Amino acid sequence: MSNSAEYAKVLEIGRPPNIKKLFPHSQALLVSGKVIDRALLAKGGAMTMAANGRNYFIIRGALQAAQRANSAIIIEIARSEGGANAYCGVNYWNMARIVDSLCNEMGITVPVAIHADHYGIKQESDLDFAKVEIPTIFDAGITSIAVDASHMLDDKNLLANLELNSFIPDWAGLETEVGEIKGTQGLSTVDDASFLIKGLNAHGICADWIALNNGTTHGIESSGQGIQIELTAEIHKALAPYGTSGAQHGTSGNSSERLRAICKETATTKANVATALQMVSWGLEVNDYGNAILDDSGNFKKVAGEGVSEEMWEQMVAHAEAEGWKGGAYKQLNLPFENKLLGQPVDVRARMSKRVEDFVYNMLVNVFSADGSADLAKDAILKAGSHDLGAKAERIEDPAEWTKEQIIAKAAELDTDKGPEGDFDD
C-alpha cells in the first residue's frame, strides 16, 4: 500500500482511541493486536514476531526489519520484564511512546501492536490490584494484552479471565493461556484448552490467541525437545469453531525447521521471541535460531566488533558475576545497563540495532512467512472501516451452563496433569 491517501485513511480509522489521544499528530500506525492476527490469518501458513523489547535497540531493530519485510509486527513486554517490579528499562508505561517515537523518526508505516504479554495472575488476591493497574497500561498506549492466569487451576484461570475482561477495551487484542510453560512437563490438552475457550465464549468473549504449554520453555532452550507440533495442531483444530489462533511462547531456541512447521501445520499467528533478541543485540554468538552458544566453561561468547562495546561487555559480565547471575539470569542485566547502553558511541548503538534488524528480517521472511502481511493488515482496517475488527466467532456455548458453580464443577472433572510445582516464570 504505497498510496499516501490510502495510508492517511488507514491512519485515521485504524488507530485505537487511546493511541489517538496519546499521539494526536503521529504518523505511526499503532493498532490493536486483532489487526495483526487477522493479517496473518489472511496470508495463511504464516505468523509474525512478537518481539520482546527488553531494550531500546531491540525495538528499533525489530521495527526496521518489519518495514523492510513489509510485515505487520507486535512489540511486547511481559509483566516480569516491564511491570511494577521490572527487570528492564522498557515497560508497560513507556513502550508505546518508544515505538511511536521510533516509527515517526524512521518513517515506519507497517502496522504495529503494543502488547502487554504475560500479565500474570498467580493467585486470586492479585485480581484487585490488576483491576486498578490494567486500565493504566491501556492509558499508556497498550493495544493488546495476554491475561496469564495459567499458574492457577483451570476453574480459577477461567474465572480470573472473566473477572478481568471488563477492564480490557473491547477493541483490544486478547490472549489467554492454559498450561504454565514448563517444557515437557504438564503439557496442555484439548480438554483444558477447550474448557478455557468455551467458558470465555459462553460469556461473549472471543480470545484472539491462546498460549499453550506445548513442550517449549522460556529463556535458553537446552533440552532440544522443543515445540510439539502435532499436539499444538490437535488443540488448535478443536478450538477452530471459537475463532482462537495460537500464540507460540518460548520460540527462542527452536530450530527454523520446527518453526516453519508451526506456521504451516497449526493456527499460530503470533510467535514470541525474547531471549534471542536480547543476546543478538548484545553481540553474543548465537546459532541460526538465536540460541546463545557457550564456550567450554559454560560462558557466553562475545563476537568482537558486534553488539555492545568490548568494554561494556566486560562491565556486564563483571556485574553478573558479582550478583551470581549465570545463563538465563543474565536478563537481569537489562535494567542496570539500559542507560549505559544508550550512552555508547553512535556506531556501537547502530550496530546493535542493525544486528537485531537482520536477525528479525530473516525470521519474518524466511521462517515465519510474514512478509506482505502489513498490506493485509491495512486492508482489514479499510474493510472494517474501524480500528475495532470485532470477534472472529459468535457465541456458541450457553451461558446458563457456565455459571461460576458449573465452572468449578466442570473443572473438577478435567483429567489433566499440570506438572510439578516450581518457578517457571516468563
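Quick notes on this one:
- The chain: relative contact order in percent, alpha carbon pairs under 8 Å with at least 6 residues between: 24
- Counting only residues at least eight positions apart within a chain, or on another chain, the lysines with an alpha carbon under 22 Å from that of residue 392 are 34, 43, 198, 237, 264, 270, 378, 383.
- Fewest-first ranking of 98, 74, using other Cβ atoms within 10 Å as the exposure measure: 98, 74
- Nonlocal amide H pairs with residue 116, under 5 Å, H built at 1.01 Å: 143, 144, 145, 146
- For a straight C-alpha distance cut-off of 20 angstrom, the aspartates and glutamates reachable from residue 326 (same-chain residues fewer than eight places away being disregarded) are 81, 221, 285, 295, 296, 310, 311, 314, 338, 423, 425, 426.
- Ranked list, fewest to most other Cβ atoms within 10 Å of each Cβ, for 269, 275: 275, 269
- One quarter of the surface of the convex hull around the alpha-carbon atoms of segment 196-338 equals 10.4 nm², the direction-averaged projected area.
- For residue 28, distant residues with modelled amide H under 5 Å away: none
- Hz values of 3J(HN,Hα) by residue in segment 227-240 - Karplus curve (6.51, -1.76, 1.60), Gly and Pro given as x: 5, 8, 5, 5, 4, 4, 4, 5, 5, 4, 4, 5, 8, 3
- The dipole here belongs to segment 280-395: it is taken about the Cα centre, uses +1 on the Cβ of Lys and Arg and -1 on the Cβ of Asp and Glu, and is about 400 debye.
- Stretched out straight at 0.36 nm per residue, the stretch from residue 101 to residue 406 would grow longer than its current Cα-Cα span by 105.0 nm.
- Sequence of 357, 285 once ranked by neighbouring C-beta atoms within 10 Å, starting from the fewest: 285, 357
- Taking a straight Cα-Cα cut-off under 12 Å and skipping sequence neighbours fewer than 8 places away in the same chain, the aspartates and glutamates within cross-link reach of residue 20 are 12, 100, 139.
- Looking at segment 4-384 alone, DSSP beta bridges between its own residues are antiparallel in about 10 percent of cases.
- When segment 4-384 is described by a simple charge dipole with +1 on each Lys and Arg Cβ and -1 on each Asp and Glu Cβ, the residue from 147, 279, 26 located farthest towards its positive end is 26.
- Hz values of 3J(HN,Hα) by residue in segment 381-394 - Karplus curve (6.51, -1.76, 1.60), Gly and Pro given as x: 5, 5, 5, 6, x, 6, 6, 9, 8, x, 8, 8, 8, 7
- Most mobile listed residue (331, 301, 20) in the chain, GNM with C-alpha springs under 10 Å: 301
- What the phi angles of segment 11-21 give under the Karplus curve with 6.51, -1.76 and 1.60, with θ = phi - 60°, is a coupling list of 4, 5, 9, x, 8, x, x, 5, 5, 4, 5 Hz, glycine and proline written as x.
- When the helices of the chain are scored as -39500 (n - 2.57) per DSSP H run of n ≥ 4 and the total is divided over every residue, the value at 222 nm lands at -13000 deg cm²/dmol.
- Taken over the Cα atoms of the chain, the convex hull encloses 129 Å³ per residue.
- Reduced Cα scattering model of segment 272-380, Debye log10 I(q)/I(0), q = 0.18 Å⁻¹: -0.91
Bear in mind these aren't lab numbers, they're just calculated from the coordinates by the rules spelled out. Small disclaimer: the values here were computed from a predicted structure and weren't measured. For neighbour counting, all protein chains shown are included, and Cβ atoms are generated from backbone atoms with ideal geometry for every residue, glycine included.
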